[in-house]
Amino acid sequence: MDVGRGFGGKHLLGIEGLQPFEIAAVLDRADGFVDLNRRNDKKLSILKGLTHINLFFEASTRTQTSFELAGKRLGADVVNMSMANSSMKKGETLIDTAMTLNAMHPDVLVVRHQDSGAVALLARHVRCAVINAGDGTHEHPTQALLDALTIRRRKGRIEGLTVAICGDILHSRVARSNIHLLLAMGARVRIVAPPTLLAAGLEDFGVEVYTDMTRGLAGVDIVMMLRLQVERMQGSFVPSLAEYFHLFGLTYDKLRAARSDALIMHPGPMNRGVEIDGVVADDIDRSAILDQVEMGVAVRMACLDILTESLRGADA
Amino acid sequence: MSRPLLIINARLLDPATGLDVKGGLLAVGERIAELGPQVTAAMAPSGAEIIDAKGLCLAPGLVDMRVQLGEPGAEHKERIDSGAMAAAAGGVTSLALLPNTDPPIDNPAMLEFVARRARLVKLVKVYPYAALTKKLEGKELAELGLLKAAGAVAFTDADRTIANARLLRRALSYATLFDGLIVQHPEEPELARYGYVTEGALASKLGLSGIPAAAEIIMVERDLRILELTGGRLHIAHVSTAAAIEAIAAAKARGLRVTCDASPHHLALNELEIEGYRTFAKVRPPLRSEQDRRAVVAGLKDGTIDVIASDHCPQDQDSKRQTFAQAEPGVIGVQTMLPVAMRLHYEDGMPLLDLLRRMTSAPADLLGLDAGRLRKGSPADCVLFDPDAPWKITEQALFSLSKNSAFEGRLVQGKVHRTIVDGRTIYTAAEA
């Protein structure tokens, strides 16, 4: 069975392995949905009759709502299964869950799970398209796609830009997906983090690693802040949140090193005063954080649209 | 008493003496009565079973010094009879059983119970280890002297590191009373906590929590310092890193009584096996870099690594059909140890006798077993195998109750035709 990556296969499990033209195709299609989403009548019927299930083993409001809106606006029947408090949570029965779902005949599954590789495991055992909405510390492909769309619309391009991804890289699936995507699209990627929150062997990915914010931000076009994943922390990665903010929190002072038109991004939800100063986050001239949320719905619509094309008998 | 057994036209291989000649072997009762070039069909006693080996290799039955069976406590994963049958099919005639059963083997009654269960199975010889500490908790020493008297071949907390330096010092020191061997799982527990693969770019890409190779090196170096302090005998289980092997080589050169083993999976596989989140490649210690794997091969060739041991760890489907983080670690291996190890001969140029020594007389000597030798008067424990025959490791071919082999689907070279324990054939290959 094909569990291949991206749109060559039937699932979207990660950015790794996607070709630049595949990424560009998603962004192009999402562009059209951005306009649709700004109209009063946002409803299409291209997914009419199809069943889209959101299967979230980890609690999420933003991502789940974004996918739900995307499915509904395309006309699918959307069902949310919150597994965070379910008996199936622990993964002992992940394959059983897949079997159960098969019997419900969904057409698209959107899955978030706390373990890396869990979504691919599920995808091997279900008969429908699967979108990874975040698996452990592995990938979160739609986040990287929506970030790319945000950048492309604000900067007109991705190629040639320098992007600094800052903060808790070690625990971040957003960082991994963004690294794969930005490098594939020809951007330069810098990683800025305390040594305890860097992942081993990062240089092998083709990124430049910094442990000093001011140096890491020097001359960059995009500052991508990451949420400090306090819930994933087992042991002392940083001595205190106050110290983290002092050294790695994004302030105007540190931002001065970046280009004067540098864009600030954050996947949300933000810890104000931990990784980002609230005033910087709210700066409507610099911050693209709300754009990201808007692009999220459009990108997810594009992914749903592309993955269900074969079901509708249309050409790819 | 079974019929006398006469094997003729064999290539006799005895690693302990370096014997490698064409000849035959006669077993009368449970022991080897005669062996050598002079043994021919003409010497058959009346009523003897005569086997024409047709040039196949006849070697001492293998001694696997690191095996877990699920009995008692996890009989759904493996029982002594299924594990012993897998061993027999792998040419193993003696195995040492780790004490991490449930309940653990930490008292003489438990040890005798397990030994008796194994005797009733009447296949391979099973020698239990005893726990080094009560309940394997790493806090208080088990009754080492009484356990030794009850037949414990060595002391270990199995897959748990003896982390407390003071306790290890006392254990090594106390065990000198009866020249006891202590076996350590070398992994610094705090560095290894939360991790399950080797730290590095691949683990980072997959988003799997890593353990630095240094976790092993640190523990080995610490233990060697303690051994220097106490004297005694220490065996490091399943070494997997170049630096740890180097440290052990240096300690041996200083005259310390330290030995070590390596597993078939660490000599044959590297960390790339975890691609695609293959839970059958989740083992402890984790599979390492290719550079470390090559160091294991080199260590086996130059003798720094004394023994090859399977580290057989049965896990049922429910334990492995999980996300990588939640899957249980471990692979089975007692049945496939010989053919997997044979790649050292074919690909790395290791002499066959050297290779067999690491699975016969070397572990037997470490554990003080009367095994691992083709010698007049020794127990007639032998394996008849074809070193060249290729075959594919398939689930159907595996006798273990659990099928978690890291080598499933692979082609290997070296096929066991017959396994003999105490002069009695306990396994014959189907087509042989």
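The values are calculated or read from the model by the stated rules, or taken from the named source; none is laboratory data. Just so it is clear, the model here is predicted, and its values are computed rather than measured. Cβ placement follows ideal geometry from the backbone for every residue including glycine, while neighbour counts extend to all protein chains displayed. Accessible surface is based on the protein model in full, side chains and every heavy atom, while ligands, DNA and RNA are left aside. Shrake-Rupley method; radii C 1.70, N 1.55, O 1.52, S 1.80 Å.
Scanning the stretch B:135-148 turns up one or more residues that are assigned to a strand (DSSP E or B) and open to solvent by 10 Å² or more (accessible area, probe 1.4 Å).
Close Cβ contacts (under 6 Å, 6 or more residues apart or on different chains) running from residues in the stretch B:191-213 that are facing another protein chain (nearest Cβ under 7 Å) to residues that are surrounded by fewer than 20 Cβ atoms within 10 Å (Cβ to Cβ) and in a helix (DSSP H, G or I) comprise B:Ala201/A:Asp204.
To keep it simple, each residue is scored yes or no on (1) over 19 Å from the mean Cα position of the chain (by Cα); (2) under 18 Å from B:Glu199 (Cα atoms); (3) more than 13 Å from chain B (Cβ to nearest Cβ); (4) in contact (Cβ under 8 Å) with a residue 12 or more places away in the chain.
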| residue | (1), (2), (3), (4) |
| --- | --- |
| A:Ala144 | no, no, yes, yes |
| A:Asp147 | no, no, yes, yes |
| A:Ile151 | no, no, yes, yes |
| A:Val163 | no, no, yes, yes |
| A:Arg173 | no, yes, no, yes |
| A:Ile179 | no, no, no, yes |
| A:Gly186 | no, no, yes, yes |
| A:Glu203 | yes, yes, no, no |
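Looking at (1) crowded, with 24+ Cβ neighbours inside 10 Å; (2) touching a helix residue (DSSP H, G or I) at 6+ places or on another chain (Cβ under 9 Å); (3) hydrophobic (A, V, I, L, M, F, W, C); (4) under 20 Å from A:Arg300 (Cα atoms), can you tell me which one A:Val119 breaks? For A:Val119, the exception is condition (2). Taken over the stretch B:206-222, the residue count meeting the criterion of being more than 18 Å from A:Gln114 (Cβ to Cβ) and crowded, with 22+ Cβ neighbours inside 10 Å is 6. Taking the numbered list (1) closer than 27 Å to A:Leu47 by Cβ; (2) facing chain B (nearest Cβ under 10 Å) in turn, A:Gly136 passes all entries but (1).
Would it be correct to say that B:Glu112 is open to solvent by less than 20 Å² (accessible area, probe 1.4 Å) and not in a strand (DSSP E or B)?
On the way: open to solvent by less than 20 Å² (accessible area, probe 1.4 Å): no; not in a strand (DSSP E or B): yes.
Criteria not met by B:Glu112.
Specify the residue that is farthest from the other protein chains (Cβ to nearest Cβ); the eligible residues are those in the stretch B:248-270 that are under 22 Å from the mean Cα position of the chain (by Cα) and part of a helix (DSSP H, G or I). I'd like the intermediate steps shown before the answer.
Kept after step one, since they are under 22 Å from the mean Cα position of the chain (by Cα), are these residues of the stretch B:248-270: B:248-249, B:252, B:257-270.
With the extra rule that they be part of a helix (DSSP H, G or I), the set shrinks to B:248-249, B:252, B:264-268.
Working: B:Ile248: 25, B:Ala249: 27, B:Lys252: 31, B:Pro264: 25, B:His265: 20, B:His266: 20, B:Leu267: 24, B:Ala268: 23 Å.
Going through the qualifying residues, I end up with B:Lys252.
Working carefully through the options B:Glu273, B:Glu188, find the one that is under 22 Å from the mean Cα position of the chain (by Cα), open to solvent by 20 Å² or more (accessible area, probe 1.4 Å) and either within 14 Å of chain A (Cβ to nearest Cβ) or in contact (Cβ under 8 Å) with a residue 24 or more places away in the chain (or both).
Details: B:Glu188 fails: under 22 Å from the mean Cα position of the chain (by Cα).
Residue meeting the stated conditions: B:Glu273.
Every test in (1) surrounded by fewer than 19 Cβ atoms within 10 Å (Cβ to Cβ); (2) touching a residue at least 60 places away in the same chain (Cβ under 8 Å) is passed by B:Leu25 save one, and that test is (1). B:Leu234 meets each of the listed conditions (1) farther than 16 Å from B:Glu188 by Cα; (2) in contact with a strand residue (DSSP E or B) (Cβ under 9 Å, 6 or more places away or on another chain); (3) part of a helix (DSSP H, G or I) apart from (3). The number of residues in the stretch A:265-316 being open to solvent by 60 Å² or more (accessible area, probe 1.4 Å), of a type in the set (Val, Ile, Thr) and within 22 Å of A:Lys254 (Cα to Cα) comes to 2. Looking at (1) among the acidic types (Asp, Glu); (2) within 11 Å of chain B (Cβ to nearest Cβ); (3) touching a residue at least 24 places away in the same chain (Cβ under 8 Å), which one does A:Asp96 not meet, given that it meets all the others? Unmet condition: (3). On the basis of being out of contact with any Phe, Trp or Tyr (no Cβ under 8 Å at 6 or more places or on another chain), within 30 Å of A:Gly117 (Cα to Cα), more than 14 Å from every other protein chain (Cβ to nearest Cβ) and of a type in the set (Ser, Thr, Tyr), does B:Thr176 make the cut? It is false that B:Thr176 is out of contact with any Phe, Trp or Tyr (no Cβ under 8 Å at 6 or more places or on another chain), within 30 Å of A:Gly117 (Cα to Cα), more than 14 Å from every other protein chain (Cβ to nearest Cβ) and of a type in the set (Ser, Thr, Tyr).
Might you check whether a residue that is among the charged types (D, E, K, R), within 14 Å of chain B (Cβ to nearest Cβ), part of a loop (DSSP other than H, G, I, E, B) and open to solvent by 40 Å² or more (accessible area, probe 1.4 Å) occurs anywhere in the stretch A:31-42? Write out each step before concluding.
Let us first name the residues in the stretch A:31-42 that are among the charged types (D, E, K, R), namely A:31, A:35, A:38-39, A:41-42.
Next cut, within 14 Å of chain B (Cβ to nearest Cβ) only: none.
No, the conditions are met nowhere in the stretch A:31-42.
Residues that are over 18 Å from the mean Cα position of the chain (by Cα), closer than 30 Å to B:Val28 by Cα and of a type in the set (A, V, I, L, M) were ranked within the stretch B:383-419; the one that is surrounded by the most Cβ atoms within 10 Å (Cβ to Cβ) is B:Leu384. Quick check, is B:Asp102 in contact with a His (Cβ under 7 Å, 6 or more places away or on another chain), in contact (Cβ under 8 Å) with a residue 12 or more places away in the chain and not aliphatic (A, V, I, L, M)? No; evaluated as a whole, the condition is false for this residue. Could we say that B:Ala53 is out of contact with any strand residue (DSSP E or B) (no Cβ under 6 Å at 6 or more places or on another chain), open to solvent by less than 20 Å² (accessible area, probe 1.4 Å) and within 27 Å of B:Leu355 (Cβ to Cβ) here? Taking the combined requirement at face value, the residue does not satisfy it. Looking at the stretch A:194-210, is at least one residue buried (at least 16 other Cβ atoms within 10 Å of the Cβ), within 19 Å of A:Asp277 (Cα to Cα) and aliphatic (A, V, I, L, M)? Among the residues of the stretch A:194-210, not one is buried (at least 16 other Cβ atoms within 10 Å of the Cβ), within 19 Å of A:Asp277 (Cα to Cα) and aliphatic (A, V, I, L, M), which makes the answer no.
For the stretch A:208-222, the set of residues classified as in contact (Cβ under 8 Å) with a residue 40 or more places away in the chain and assigned to a loop (DSSP other than H, G, I, E, B) consists of A:Ala218, A:Gly219, A:Val220, A:Asp221, listed by residue number.
Could you grab me the full set of residues in the stretch A:122-132 that are open to solvent by 20 Å² or more (accessible area, probe 1.4 Å) and away from chain B (no Cβ under 11 Å)? Outline the logic, then answer.
Here is the first cut: in the stretch A:122-132, the ones open to solvent by 20 Å² or more (accessible area, probe 1.4 Å) are A:124-125, A:127.
Within the stretch A:122-132, just A:Arg127 meets the criteria.
Filtered by the rule that a residue be open to solvent by less than 10 Å² (accessible area, probe 1.4 Å) and within 14 Å of chain A (Cβ to nearest Cβ), the stretch B:308-331 gives B:Lys320, B:Thr323, B:Phe324, B:Ala327.
Considering each residue of the stretch B:32-46, count those that are surrounded by 17 or more Cβ atoms within 10 Å (Cβ to Cβ) and under 28 Å from B:Pro363 (Cβ atoms), and give that number. So that I can check it myself, show each step before the final result.
Start the filter on the stretch B:32-46 by keeping residues that are surrounded by 17 or more Cβ atoms within 10 Å (Cβ to Cβ), which leaves B:32-33, B:35, B:39, B:44.
From what is left, the residues that are under 28 Å from B:Pro363 (Cβ atoms) are B:32-33, B:35, B:39.
Looking only at that region, the number is 4.
Residue count for the stretch A:45-100 satisfying the condition of being open to solvent by less than 60 Å² (accessible area, probe 1.4 Å) and touching a His at 6+ places or on another chain (Cβ under 9 Å): 19.
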